[in-house]
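To start, the structure itself, in structure tokens.
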Amino acid sequence: MAHRPRTKRPNDRNFPKVPARTIPSDKEEVRLNRYMARSGVCSRREADELIARGEVAVNGQTVVELGTKVTPRDTIEVHGRKIVPLNLAWYILNKPTDTITTTSDERGRRNVMDLFDLPEREKVGLFPVGRLDRDTKGVLLVTNDGDLAHRLMHPSYEIDKVYLVGTESELSDEDLAALLGGITLEDGPAKAGRAAFPDPTVRTVVGISIHEGRNRQVRRMFEALGHKVVSLERISYAGLSVKGIRRGKWRRLSRDEVSALYRKVKL
Ligand code: URA
């Protein structure tokens, strides 16, 4: 029998943190807004606003031209502080409860970045994509990729977020219909894309998907129907789940997972 050479399969260990097309070579010219987004300071859109407001300097000169091109050899300053491009990195965390979704906390409470057992230099510029309440657990993406994060959080890209909701009181079929039909909250209507009982005999556990990420949205939707939420877990975000990741642990996203996110937000 002919011997077939084994092809080397990519895995997370040999997956570079930067996809080939985003590694800036010394001479590569990129638009200033892209360079700024790669530096983790903001998204491209926010970069355009900073540039237009005259808050960005290239080699000591303020620039307001949105199409300005730069190379890694140029010195870029935002509000007088030099910025450097980062290696892009993408992580998925299985957030535990009793952890706040910030990068630091002056009251010393545990925040999601404390869970990343990485050298400090690799944590520079990382931030959570959106927010989970302190007592919500489950999927949280963490990255320094400003463009991707900005789009994932923007409601127009309709990123699917799926939650498992535990309530104090039992929900009726009418409650499910109300979640699907839309509920008026103080900051506007909110609607579930899907809502169902994973186990029809247990009416205090509901699976629900939403596209937006408004503050305490799921809790407020249930409260509007008279049901107090006693546990909340995000079981999926943009199709990514924490399967295989223990609570409080994280892993890097694979190349395919990052590409799929890019496709979802048309980048
Ligand atoms: N909705 C909430 O109410 N809380 C979360 O943490 C996420 C969605």
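The values are calculated or read from the model by the stated rules, or taken from the named source; none is laboratory data. Please read these numbers as outputs of a predicted model, since none were measured by experiment. Please note: Cβ atoms are built from the backbone with ideal geometry, for glycine as well, and neighbour counts cover all protein chains shown. Accessible surface areas use protein heavy atoms only, side chains included; no ligands, DNA or RNA. Shrake-Rupley method; radii C 1.70, N 1.55, O 1.52, S 1.80 Å.
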Could you check the stretch 148-173 and list, in sequence order, the residues that are over 28 Å from VAL202 (Cβ atoms) and of a type in the set (Lys, Arg)? ARG151
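Looking at VAL129, VAL206, can you tell me which residue is in contact with a helix residue (DSSP H, G or I) (Cβ under 9 Å, 6 or more places away or on another chain), among the β-branched types (Val, Ile, Thr) and closer than 24 Å to GLU46 by Cβ?
VAL129
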Of all residues being aliphatic (A, V, I, L, M) and open to solvent by 20 Å² or more (accessible area, probe 1.4 Å) in the stretch 112-129, which is farthest from the ligand (Cβ to nearest atom)? Just the residue, please. VAL124
Go through the stretch 234-256 and count every residue that is closer than 20 Å to LEU148 by Cα and either without any contact (Cβ under 8 Å) to a residue 40 or more places away in the chain or of a type in the set (Phe, Trp, Tyr) (or both). 3
Counting only residues that are modelled with pLDDT under 90, of a type in the set (S, T, N, Q) and part of a strand (DSSP E or B), how many does the stretch 70-95 have? 0
For the stretch 100-111, state whether one or more residues are within 13 Å of the ligand (Cβ to nearest atom), part of a loop (DSSP other than H, G, I, E, B), open to solvent by 50 Å² or more (accessible area, probe 1.4 Å) and at pLDDT 95 or above. no
Residues to consider are GLU212, GLU170; find the one that is among the acidic types (Asp, Glu), surrounded by fewer than 21 Cβ atoms within 10 Å (Cβ to Cβ) and at pLDDT below 95. GLU212
Take VAL30 and decide whether it is open to solvent by 50 Å² or more (accessible area, probe 1.4 Å), modelled with pLDDT under 90 and either touching a strand residue (DSSP E or B) at 6+ places or on another chain (Cβ under 7 Å) or in the same structural domain as ARG134 (by TED's automatic domain parsing) (or both). no
For the stretch 130-155, enumerate the residues that are open to solvent by 20 Å² or more (accessible area, probe 1.4 Å) and within 20 Å of LEU232 (Cα to Cα). GLY130, ARG131, ASP133, ARG134, ASP135, LYS137, MET153
Which of the residues belonging to the stretch 130-149 are of a type in the set (D, E, K, R) and either assigned to a loop (DSSP other than H, G, I, E, B) or within 12 Å of the ligand (Cβ to nearest atom) (or both)? ARG131, ASP133, ARG134, ASP135, LYS137, ASP145
Taking first residues from the stretch 210-233 that are under 14 Å from LEU180 (Cα atoms) and second residues anywhere that are open to solvent by 70 Å² or more (accessible area, probe 1.4 Å) and within 7 Å of the ligand (Cβ to nearest atom), the pairs with Cβ under 7 Å that are 6 or more apart or on different chains are none
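Suppose we filter LEU180, LEU267, LEU261 for residues that are crowded, with 18+ Cβ neighbours inside 10 Å and away from the ligand (no atom under 16 Å from the Cβ); which single one remains?
Result: LEU261 is the single residue among LEU180, LEU267, LEU261 that is crowded, with 18+ Cβ neighbours inside 10 Å and away from the ligand (no atom under 16 Å from the Cβ).
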Of GLY207, GLY193, GLY239, GLY244, the only residue that is of a type outside the set (A, V, I, L, M, F, W, C), exposed (fewer than 15 other Cβ atoms within 10 Å of the Cβ) and within 16 Å of the ligand (Cβ to nearest atom) is GLY193
